Every structure is written in C-alpha cells, then in structure tokens.
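Working notes, structure below.
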C-alpha cells in the first residue's frame, strides 16, 4: 500500500507539472496550465473533420483530452442524485520525442475522477495511471472499436457486440466504478442508451475558447438515458435519469490570461438542451469569452455567439474556504430563455489534485419561477 501511495503522489506531481509549467515573466499559463503554448503538439483548429467511431478513442498527438460524463438521476423513492465520471489524458512529450515502448517508458499520464452526490453528501475519488501511446491494453486508455475508456477497474465501455452490429459501438455503454472508503463505499453500475445523435460544437466540432483563436475539438452526447444502480455509503439503490457526456482534446485550450471557466449543461423540459460556458478573460474587449450550443429535441445544434449569451452570477456561497457563485441568471434571447439556474446543494467541491466545483443545477423561469430543467455546472479557478 505504501508503494501505491508513493506512486499516486508521484503521478499527481507529474500531472501538475505537465499541466502547469512555468510561464514567461509577466504572463500566466491559464487555469492549470491550459494556456501553455502548443509547441510541437498537434493543435485543434477550424477545418479538422471529426470522424466516428475513430474520434471516440484517444488522440495522443494532442497534449490534453477528456471523456466527461455527468448525470442527473432519481432513485426509486424519487430522491435526486448526481454523479460524475471523468477520464483525463495528458501527453508528456510531443509526438516526435516519444520514447520507444518499454515497461517504464510512459509518454501519457491518466487521471480519473468519480463522484456521487445526494443531498448534503458528496463523495469523491481520484486515480492515476500511465501508459505508452502505442498501448491499447494498459492500466488506462481509450479505444474506439469496440469502445472502451478505462483506468484500472473504473471503465466506460460498450454493451454492443461489434461482431453483430459493425460500426459505432458508442451508442450503448456501461459505466462501472467503485471506491471503498470509511463510509462504506460508493460507486455505480449503469447502462447508458443514446436516444439522439452526437452533437458537434462550434464550427464543425472546433470550439473556440478565446478571441485570440485558441480552442478544442469538442463534441457531446447529451441524449443518454441512464438506468442502473448507485451505491452511496454502502447502500445501493436503483436509479434512472439523464446523462451528458463531453469529449474534448486540444494542446492549448485557453489563452494564457484565462484563469478559469463556468460551464453549464442543461436538459430542458421542452426536449431542448443547452451547453453554455464563459472563460474568465480572453474576450475581444478584455472581458470574458462566452460560447455555447442550443440543441433542438432532434439533436440539431445552433452555435451561439459570445453576444448571444447572458451569464450573470447572482449569489455566492462559501465552499472549501472560497466564495463560489451557485446562483446564476442565464439568458439566451435566441431561444426565448431567461432563467435562474441554482445549485440545490453547494457542497460539491472536487477536492482533487486539480480542484474545482462540479454539481447539479435546477433551472427555473426568471419571471414565473416555473421549473424549466436540470443539469450540471462546472466552475474552475475559484
């Protein structure tokens, strides 16, 4: 156990070093180093054509990448639960500098987060691994066909038999993860079925993140129907609900002055869905940079320009020793939306190596107070 703890600490240090190399004097490298220049890594840009199922797999020529799932669920008693499962990949060296495959010649670091939330209870766990970019059967990785993304026994994997149904096996997945702890353990075993298409954000999947042009390749599957079991503090309950999975990869996600973001994903009662974010800094006038996608019930996306999104924090709560905005006004005039989006529970701090806030949200009409939908909010840099 001591050797495992030492390895985990070493990997955490390496991850943070890779994400936050020292910036030039007078500059910053953005939140967690994500504004660091791309150097010899591949860079995301407009005009790259996404291809499926290939792009469900890892992109080791890019510096950073993630598979990011959140879900709003209810148990058999009607009590709401939230969950997160995320697999992060970080390249240590550009493609031309990779070492030859060998047992300790890793060029990729992996980090995964899982969380289960109910009421005031919020359980969080983290794992680390390493691999060589040529491996597809190591301690962690992500392959397209049949789809599987994993770290140790935590995994998101297809339930489709590729021999029976050739093609994209991303449409039906199984999410399994468990963590033992002093409270009796937590985790989930969930079936995900896509009830709509993949959604490309920005221009053909290139999502700009600052006025200077930095960005990522970014698509989502916001149409997951989720069913299965969630365990919290040793008690297992049947659950069902809706999930949202984001996929992004880049080598310079942010501008160097951008120090964090506020990102919303919402399932609305009308059947529409909304992704909207602001990056603090990096706007054309020195302000915040905003972007988003309005998605109709059939999955047709409409890109939202920075001036088509109003995003105003209304109230903060003290969480983990810092003031975090947990009540927002979100305005999308194109869609006729003026909403108050609020966290029913503030204690959703992810106390991980790179810490952030991630939690369930409820959207209501700003004038009438009528419920409009549910979703998730992620906030970094606070």
Taking residue 160 and the conditions (1) assigned to a loop (DSSP other than H, G, I, E, B); (2) in contact (Cβ under 8 Å) with a residue 60 or more places away in the chain; (3) in contact with a helix residue (DSSP H, G or I) (Cβ under 8 Å, 6 or more places away or on another chain), which numbered condition does it fall short on, given that it satisfies the others?
(2)
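Restricted to the range 152-173, and to residues that are modelled with pLDDT of 85 or more and over 20 Å from the mean Cα position of the chain (by Cα), which residue is farthest from residue 53 (Cα to Cα)? Explain how you work it out, then say what you get.
First, the residues of the range 152-173 that are modelled with pLDDT of 85 or more: 152-160, 169-173.
Right, trim to over 20 Å from the mean Cα position of the chain (by Cα) and you get 159-160, 169.
Values: 159: 15, 160: 13, 169: 8 Å.
My answer is 159.
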Does residue 238 meet the test of being part of a loop (DSSP other than H, G, I, E, B) and at negative phi?
no
Could you run through the range 107-130 and say how many residues are surrounded by fewer than 23 Cβ atoms within 10 Å (Cβ to Cβ) and under 19 Å from residue 61 (Cβ atoms)?
3
Within the range 174-231, residues buried (at least 22 other Cβ atoms within 10 Å of the Cβ), in a loop (DSSP other than H, G, I, E, B) and at pLDDT below 95 come out as 209, 210, 214
Residue ID - farthest from residue 94 (Cα to Cα), chosen from residues in the range 43-60 that are in contact with a helix residue (DSSP H, G or I) (Cβ under 9 Å, 6 or more places away or on another chain) and surrounded by 19 or more Cβ atoms within 10 Å (Cβ to Cβ)
56
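Going by the structure shown, is residue 256 assigned to a loop (DSSP other than H, G, I, E, B), surrounded by 17 or more Cβ atoms within 10 Å (Cβ to Cβ) and either at pLDDT 95 or above or at negative phi (or both)? Steps first, please.
Values: assigned to a loop (DSSP other than H, G, I, E, B): yes; surrounded by 17 or more Cβ atoms within 10 Å (Cβ to Cβ): yes; either at pLDDT 95 or above or at negative phi (or both): yes.
In short, yes.
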Has the range 67-80 got at least one residue that is surrounded by 14 or more Cβ atoms within 10 Å (Cβ to Cβ), outside any loop (DSSP other than H, G, I, E, B) and free of Cβ contacts under 8 Å to residues at least 40 places away in the same chain?
no
Go through the range 325-353 and report how many residues are out of contact with any strand residue (DSSP E or B) (no Cβ under 8 Å at 6 or more places or on another chain) and closer than 21 Å to residue 381 by Cβ.
0
Name every residue in the range 270-298 that is out of contact with any strand residue (DSSP E or B) (no Cβ under 9 Å at 6 or more places or on another chain) and at pLDDT 95 or above, in order of residue number.
271, 298
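Look at residue 8 and say whether it is at pLDDT below 95 and either surrounded by 12 or more Cβ atoms within 10 Å (Cβ to Cβ) or under 29 Å from residue 190 (Cβ atoms) (or both). I'd like the intermediate steps shown before the answer.
Details: at pLDDT below 95: yes; either surrounded by 12 or more Cβ atoms within 10 Å (Cβ to Cβ) or under 29 Å from residue 190 (Cβ atoms) (or both): yes.
When the stated conditions are applied, residue 8 passes them.
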Would you check which residues across the range 279-302 are buried (at least 23 other Cβ atoms within 10 Å of the Cβ) and within 21 Å of residue 356 (Cα to Cα) and list them?
279, 281, 282, 289, 291, 292
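The values are calculated or read from the model by the stated rules, or taken from the named source; none is laboratory data. Keep in mind it's a predicted model, so treat the numbers as computed, not measured. Quick reminder, even Gly has a Cβ in these numbers, built from the backbone with ideal geometry, and neighbours come from all protein chains shown.
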